[in-house]
Amino acid sequence: MIQNLNLRELRSEPHVDVGLLIQRDASIIIERWLKRVVREQPDAARLHHQSLIDHLPSLLYTMGQSLAVQLEDDAAPDQAPAERHGEHRWETGWSLPEVVRDYQILRLVIFEYLEENLDRPLSFREGRAIDLALDEAISASVSAFSRQSVAELRRQAEALKEADQHKTDFLAVLAHELRNPLASVVTSMELLRLLDGQDPRIDQARAITERQVKQMVRLVDDLLDLTRIARGKLELRRTVFMVGQAMTQAVQTVLPLMQAQGHQLTVDLPTELIHVEADELRIVQVLVNLLNNAAKYTERGGHINVSASREGDEVVLRVRDDGIGIEGEKLAAIFTRFTQIDRSLHRSRGGLGVGLALVRQLVELHGGQVSAHSEGLGKGSEFVVRLPALKPSSVPLPSPSAAAPASTSTPAATARRILLIEDNTDACETLSLLLRMLGHHVESATTGPEGVARAVASRPQIALIDLGLPGLDGFEVARQIRAALGEAVLLVALSGYTQEEDRRRAEEAGFDAHLPKPIELEELSRILSDMSK
Ligand code: ADP
């Protein structure tokens, strides 16, 4: 016989004796069910179980009731116990398959019990009505559960967002507050450097403090930048510049560190002029961060290379080291702020885990991408930055003097003999290295008299002379060299201040050119290449 089942009818028709029996014997049914579930799912975690047991009496009671009475045509059965069960389970944790299995077992137990205790067989319609009531109870329970879960997840996400905002605000304030005292310390350290040290131990302590403070300044600045980006407060100051220029600036910044750690740094400048429209300071900062990391995560005496090349519409900057490397599964995480690889080898090198996060944010603000590559521990690492490059045709034609063809971009076509006279040993070593990198022969001296003596002995083509030399100052050194070597030598003044007065005095002393410090390699290269015309 084909039964024409209609859900609404099925739900509203009364099944009095079945409903009453379920209500009356709910506790016996529950007891049987309890034994069955343990037998049938012996390994279940049953986290929801106690709450199901607590809710089953009222669940069965209301189910029995809705079966027994004639419901209004479209009245919904009372789902409150099932819903409460679903909500309650949220707190206890659950597994959907286990719960469904428990309800299935409940269905079987109810059927068996009714078969046994009704004095007649269960009718087909009664069976379907019980199925329907149970299905609706399961559905109400699961919906209540997921409503609760979604609401809870939303609440957690909101709370996390708020906590993250608080943390960003706190870090911004912290970094800001640290910055001011640090700035005074840095200035005082510079002052101390100018005072002649009587005691080498004081000098040594000063040098250590200065290095450490600079490191702190770098960390604090990175932190400040990161929080600025997170709050949308970092603005890029875009200009058009050559990538090689940013590279040389970055290299200049990190050279002292590379030397201190005995690393060999090689630079492959692009063989063509590549221009970008970007915030030059920020691009330098990206490179400095990557180079610092390369130095930091490479054992003493390592090899580090930085290169740039054009690939289609992009300029690709690569920083490679043969250091401790990174495990494959950690590669993706290292760009997340405050992430450090938790291995003593990595951890022992300090840091906050903000450098790479900042690199990524800065590169992305420029519309570029950064990625990390490593073949594994001990196999070195490579960081690749891709930035949109300007098409050669869209770059305004450089003025003739700026055209110094790829001056820093390729090792100098003509190697020059250069004498560098500079009393600051760090600056002296850095600049000599850079000049050597460009293919020149460099000699250096750190005092005025030594400089003059070397000039006379080795007759350089160019002398770069710091004006602020103690004892015999730069002006006097220039005069003496000019007197000894005549016009055969090009004299270039290096000075921290470029006031008119300095320029005039330098010219009088016989200098051919004047370079402000820190030295722009582009500018220096231009002077060197002008010399050959
Ligand atoms: P920090 O150096 O302050 O820990 P970074 O954000 O700069 O933070 O780097 C995150 C992590 O990535 C580092 O802790 C380190 O484990 C790993 N890492 C970065 N650069 C290198 C590299 N060149 N070689 C190996 N590991 C690196």
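The values are calculated or read from the model by the stated rules, or taken from the named source; none is laboratory data. No experiment lies behind these values; they were computed from the predicted model shown. No Cβ is skipped: glycine too gets one built from the backbone with ideal geometry, and neighbour counts run over all protein chains shown. Protein only, heavy atoms only, side chains kept; ligands, DNA and RNA dropped before computing areas. Shrake-Rupley method; radii C 1.70, N 1.55, O 1.52, S 1.80 Å.
Points to keep in mind about this one:
- Charge dipole of the range 410-485 about the Cα centre (unit charges at C-beta), most positive-ward option of Ser458, Gly448, Leu431: Ser458
- Protein heavy-atom accessible surface, 1.4 Å probe, per residue over the chain: 52 Å².
- Relative to the Cα centre, the charge distribution of the chain, modelled as +1 at Lys and Arg Cβ and -1 at Asp and Glu Cβ, gives a dipole magnitude of about 1240 debye.
- Relative contact order (percent, whole number), the range 454-495, Cα cutoff 8 Å, 6+ residue spacing: 55
- Cα gyration tensor shape for the range 103-210, rounded if a/c is under 1.5, else prolate or oblate: prolate
- Shape category assigned to the range 438-533 from the gyration tensor of Cα positions, a/c cut at 1.5: rounded
- Between the alpha-carbon centres of the range 467-518 and the range 156-171 there is a gap of 56 Å.
- Debye log10 I(q)/I(0) for the chain, one point scatterer per Cα, at q = 0.08 Å⁻¹: -0.68
- Farthest toward positive dipole pole in the chain [+1 Lys/Arg, -1 Asp/Glu at C-beta], among Ala144, His49, Ala294: Ala294
- Its Kirkwood hydrodynamic radius, worked out from the mean inverse distance over all distinct Cα pairs, puts the range 252-364 at 15.1 Å.
- The packing ranking, built from the mean of other Cβ atoms within 10 Å per residue, places the peptides 289-298, 117-126 in the order 289-298, 117-126, highest first.
- Per-residue 3J(HN,Hα) values for the range 296-305, derived from phi via the Karplus relation 6.51 cos²θ - 1.76 cosθ + 1.60 with θ = phi - 60°, read 6, 9, 10, 5, 2, x, x, 10, 10, 10 Hz in sequence order (x marks Gly and Pro).
- A probe of 1.4 angstrom, applied to the heavy atoms of all protein chains, finds Ser27 with accessible area near 80 square angstrom.
- For Ala332 and Leu365, the FRET efficiency from 1/(1 + (r/R0)^6), where r spans their Cβ atoms and R0 equals 22 Å, is about 0.60.
- Annotation for the range 111-134 versus the range 191-264: alpha-carbon center distance of 82 Å.
- Here the sum of -39500 (n - 2.57) over DSSP H runs of 4 or more residues, divided by the residues of the chain, equals -18500 deg cm²/dmol at 222 nm, to the nearest 500.
- For Glu280, net neighbour charge (Lys/Arg +1, Asp/Glu -1) across residues whose Cβ lies under 9 Å away: +2
- Accessible area in the full protein assembly, largest first, 1.4 Å probe, for Lys167, Lys161, Lys330: Lys161, Lys167, Lys330
- Lysine-lysine proximity count for the chain, Cα under 28 Å, sequence distance 8 or more or distinct chains: 14
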